[in-house]
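The values are calculated or read from the model by the stated rules, or taken from the named source; none is laboratory data. No experiment lies behind these values; they were computed from the predicted model shown. Please note: Cβ atoms are built from the backbone with ideal geometry, for glycine as well, and neighbour counts cover all protein chains shown.
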Amino acid sequence: MGANKLESFTTETVNRRDIQGADYNPRKISESAKKKLRKKMREWGAVQPIVVNRRTMTIVGGHQRIDAMDSILRKDDYELTVAMIDVDEKQEAAINVFLNNPSAQGEWDTFALQDMKGIFPDLDFEIDMGFDESDVRMMFGRQEEETKLAEEQAKAEEYTADHFRDVKKQTRENDKAKREGGDSNYLADHDYSLTIVFPNNHEKREFMRKIRKKPEEKFLKSTVLLDIYNRVYDISIFGDGD
């Protein structure tokens, strides 16, 4: 099989006419995406092999790429190198969907993408990387919101530890005076905290990562949660993107 025990394929040369697309293939592609694919294939060539199941000679991964190759080469009688696997039809169908399932893949780190732009300033998100204009607006519009939120949080954290201790000390003294003075509204006026409990440390760290906070932080300003709620509410009402 492959070079190690996890590589369950072999590379083989076959004729285009000897392989066929999957009739059940649920993946579709827009005309604009087809044009992008053909353009990049002409520019870069085919940078990864088509996946084919030996038992059926059916394409498992690469339907859009094989269509682009047919279009560019203007024929269906040519040799190509494929990654040949050997599975039954049920597993073939499962692999077909899994290879393109967004739920089984990662998500874009927009800050890392922006860093790439800094390293390679000539790279264009639309021309070179294939993003749509709406994708760029959505990703980096959100990034600007997250950056603004992070800046606001940083400003809130500018208070020194000494100042924070002084504030706590003054608060305790004020609270003590109110309690001793019999202020009946004391509890109502000071019930302003909320504790959120995660099922485990992993869930907490993942949550803090997504809102771009340090995992070890113990306190969050209420504005952070309100901003998260507002973004989720806006997306649910108005849709996510153009």
Can you tell me which residue among Lys28, Lys5 is over 28 Å from Gly130 (Cα atoms), out of contact with any Leu (no Cβ under 8 Å at 6 or more places or on another chain) and either exposed (fewer than 11 other Cβ atoms within 10 Å of the Cβ) or modelled with pLDDT under 95 (or both)? Lys5
In the range 62-92, what count of residues is obtained for those that are touching a residue at least 60 places away in the same chain (Cβ under 8 Å), closer than 20 Å to Lys40 by Cα and surrounded by 15 or more Cβ atoms within 10 Å (Cβ to Cβ)? 2
Quick check: anything in the range 95-103 under 16 Å from the mean Cα position of the chain (by Cα), at pLDDT 75 or above and part of a helix (DSSP H, G or I)? yes
Residue list for the range 108-126, restricted to those being at pLDDT 80 or above and in a loop (DSSP other than H, G, I, E, B): Asp109, Phe120, Pro121, Asp122, Leu123, Asp124, Phe125, Glu126
By residue number, the members of the range 1-31 that are over 14 Å from Val82 (Cβ atoms), in contact (Cβ under 8 Å) with a residue 12 or more places away in the chain and basic (Lys, Arg) are Arg27
Does the range 8-25 include one or more residues that are in contact with a Phe, Trp or Tyr (Cβ under 8 Å, 6 or more places away or on another chain) and either closer than 22 Å to Gly130 by Cβ or part of a loop (DSSP other than H, G, I, E, B) (or both)? no
In the range 156-215, residue farthest from Ala112 (Cα to Cα) [restricted to those that are at pLDDT 70 or above and of a type in the set (Phe, Trp, Tyr)]: Phe198
For the range 32-54, does any single residue satisfy the condition of being surrounded by fewer than 14 Cβ atoms within 10 Å (Cβ to Cβ), among the basic types (Lys, Arg), in a helix (DSSP H, G or I) and in contact (Cβ under 8 Å) with a residue 40 or more places away in the chain? no
In the range 116-131, which residues are surrounded by 12 or more Cβ atoms within 10 Å (Cβ to Cβ) and farther than 15 Å from Lys40 by Cα? Met116, Lys117
